[in-house]
Structures are given as C-alpha cells and as structure tokens.
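The structure under discussion appears below in the form of structure tokens.
The values are calculated or read from the model by the stated rules, or taken from the named source; none is laboratory data. Being a predicted model, the structure only gives us computed values, none of them experimental. Heads up, the Cβs are rebuilt from the backbone with ideal geometry, glycines too, and the neighbour counts pull from every protein chain shown.
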Amino acid sequence: MKDTPGWASPGSTPSDGQEPGASRPAGPAGRPGPAQPAGEPGAGTQDPGSKWSKEQPPPGQWSAPTGAPAPGQAPPPPPGPGWGGQHPGGGPAGPGGYGGPGGHRGPGGYGGPAGYGAWGGGWGGGWGGPPPAVKPGVIPLRPLGVGEILDGAVSTMRTYWRTVLGISLTVAVVIEVIVVLLQGLVLNDSTDTAVLDDPGATLSEVTRAMGDVMLSSGAVVLISLLGTIVATALLTAVTSRAVLGKPVTTGEAWRDARPQLPKLFGLIFLLLLIAVGIAFCGALPGILVAVAGGGDGAAALAVLGVFGAAVVVLWLMIRFSLASPALMLEKQGIVKSMSRSAKLVRGAWWRVLGIQLLAAIIANILASIIAIPFATIAAAASGHSVADFLNGTGGDLGWTFLIISGIGSVIGSMITFPITAGVTVLLYIDQRIRREALDLELARAAGVQGHSTGTTPTPGS
C-alpha cells in the first residue's frame, strides 16, 4: 500500500515490492548510517535486502534547505497558515494538526472547540470574511446599497402583487374619479384661461384668471395628495411585513394603518403649512417693497427671496422625509415622528436626498411613459392635439379627454405608489439598521437564529 504524500516521510514505510521483514538502512531515510568499525557484522558489506547503493552522496547535500537557495534554484514556498507552526488566530499546532485556542492539537486533529479550527474567532475569520447576511424577505438584514433599496421596493410589488396592486388600484381609481368629476362639472365652467392670452386684459382680469387657475390646480393637487397619503399608509404596512418575509392582506394592512391615518394627515398638512409659511416669508420683503413703489427692484427681491426660501424648504422636507414611516411603524405622534426623522437623517442628508430624488425620477418617467400615449389618444378622440391643450387653445376639457387621460393616470399611479412608498420605508429601515442595529430586532421578528449584525455598508451605498 502506498503512503499518501505529506502524511509520512519518504522511507518510513515499506516501498513497493519490498517485504515488511526485509532489512532497511540503519539511519533515517535520506541520511547515511554511522560508520561501523571494521570487523563488526555488516561493516563494508551491503545488506542483501537493501536497495541502497554503497556510494552515498556527501552529508551536506542531504541537509534541510534552511539557508539561501542555490544559484539557479527557486526558493521554497512559505508554509501556509495552519499547516504546523503558529496561526494568526490560534495557538501552536501539534504534529499534523491545526492549531487553535481551546481545541485539540494532537496528531491529525483540528484546533478549536469540538474539533473545528478557531481561526480568528469563528468561521471565515481568515478565509473570505464574515458569512452573508440573512434575507428573510425582500432585503438582506444589513446596511443597504442604493440598488438594494430600489430592488426591495420592486421586489415587494412583484412578490405581493395582489395586495400592492390592489391597494394602488383602489386608491388611484377613487382619486381619479373625484378629479374627473371635479374638472368636468365644476372647474371647466369656473376657470377661464383665455384672458391670460389677451394682451388687452386688465390687471384685475388677469389676477382673477390666475386665481381661478391656482384654485383649480390646488384642488386637484389636494385630492391627489389625500389619496397618496392613504396609499402610502397602507403600503407602509405591506413593505414592513415584506422585509420579514410575511405576507399581508389588504384588510390587515387597513386595520394596521387606520389608527394612524389621522396623525398622518396632520403630519402632511403641518409640513405643507411649514413650506407655505417659509415661502411667504421669503417673498414678503419683495412684496413690501412693491407696495411701497419699488418697481423692478421689488420683483427681483421677491424672486431672490422665494429662491432662498425654496432652498430652506428643500432642506426641511428631506430632513423630515422619514417622519411618515416613523409615525406609521413606531406609532409615534406628529412631533415625535418629525424628531425621529431628523435624528435618522442627520449626517446622511445628501444620501437621503439622492435616493429620494432617484426614486421620484424613476417613478415620474414610468408614469409619463404610460400617461403620454393615453393623453395623445384622448386629445385625438376629442378632435384636438396635445399641443392645443398645452397652448390653451383646446377649449374646455371634454369628458372624452378626461376619461381616457384618467385611465392613463390610474395605470401610472399603480406603479408610482408602490415605488415611492417602498423606497421611503426601506430607506427608513436602512437608516435604523445603520444607527440602531434594527437588523437584530428584524431577525428575531422573522425567526432567524444566530444572526449577527453587519456594520460594514454595502459598496455603492
């Protein structure tokens, strides 16, 4: 039987074709035996069972390669960790064994507890890093990258499409029905935009027309905002369960979100009030100068003030952008949820802005891809073109145009609602994982055993 290379020294066992009882060199393999005095048995004679030649090379050529290699000879490779000697994470290895603190170091053994190597404190300490994070739901339980947040929102919509699309479709249909009825029955008769194109119109007529346009647009925006708040509240419950890999029905999402809906409405209106108040304060100096007869300087001052106010409003809106999921998931009050959002966003303002802006751009592009063809079809069915409506020469918005374009808006909202709500919720969860080790709580809630938090963010996050 042949010896496995590396487990025994050459010559320590019988070679092929040699009987176990046959004699062998007196010394270790690879070294000549000591010289025997003349006259003793075996002196100057060759053992008939031995296959070693009488002429042996000088002893110096059989020494271990401890010094520098000979000219033209490649240096021997360094010993690998664990194969004898000292491992960085363990103790000295026994003969043929792996070293590790607290483990068996006997012949052929493995260091570490229970016969396994203790390499730097656990599995993978010196062999490729920590194990991958668990993923019970749509995201791995560790700090997330930008792509993982977007993918988590899409995965939630794809995995739980019945609940997600059911909520989005219901809310979008209700919103669009109210908007179509309001535009067809009320706003078409009360809004007259022809005055804005009339060069001979008086200041009072232009002011009245602009007020009507702002009122009608504000009513449509307000209705859409109310529907968006409801959809966001319901989809927040769905996304939070999707992180744990647990499905949720529309009824369960409604029962979970309903107690917090009044607070969510209050939060959104408070944020709108803050934004309007800051914008008014920015334009107020220009308004006062215009009242005092400042002329062109007043208009420039008002524009500059509004621009500065817009910067402040943007900073505050991003700072409080995570208040909605904090209010829904932590069951907090309005002020407390705003302070929680400010705490989570602190130090990551630009990152939150970039992710929210990217999600909004993607959602609006998808909505436009769907809405523009429907608007073109609606305009053609009404006997006009889209340019006529944009220029204000298309007349009143007929029922045909409103209904067909409303169908396109419903389909677009079915896609945009889950993306924007999902990204906001997952961004909130990601910030809590980074700051508060929320992944440990999520792992326990998902029933994952032995999860350890990962503190290193994903590349590209």
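Screening S339 on (1) touching a residue at least 12 places away in the same chain (Cβ under 8 Å); (2) more than 23 Å from F417 (Cα to Cα); (3) polar (S, T, N, Q) shows it passes everything except condition (1).
Consider the stretch 110-134 and keep the residues that are crowded, with 16+ Cβ neighbours inside 10 Å and closer than 19 Å to G245 by Cβ. The one that is modelled with the highest pLDDT is V134.
Of everything listed in (1) modelled with pLDDT of 90 or more; (2) within 18 Å of V423 (Cβ to Cβ); (3) among the aliphatic types (A, V, I, L, M), the single unmet condition for I229 is (1).
In the stretch 242-258, of all residues being in contact (Cβ under 8 Å) with a residue 40 or more places away in the chain and assigned to a helix (DSSP H, G or I), the one that is nearest to G166 (Cα to Cα) corresponds to T250. If the condition is being surrounded by fewer than 16 Cβ atoms within 10 Å (Cβ to Cβ), of a type outside the set (A, V, I, L, M) and in contact (Cβ under 8 Å) with a residue 12 or more places away in the chain, then the stretch 289-326 contributes F307, G308, W315. Only one of the numbered conditions (1) surrounded by fewer than 18 Cβ atoms within 10 Å (Cβ to Cβ); (2) at pLDDT 85 or above is not met by I355, and that is (1). Looking only at residues of the stretch 175-226 that are in a helix (DSSP H, G or I), over 37 Å from the mean Cα position of the chain (by Cα) and of a type in the set (S, T, Y), we find that the one that is modelled with the highest pLDDT is S216.
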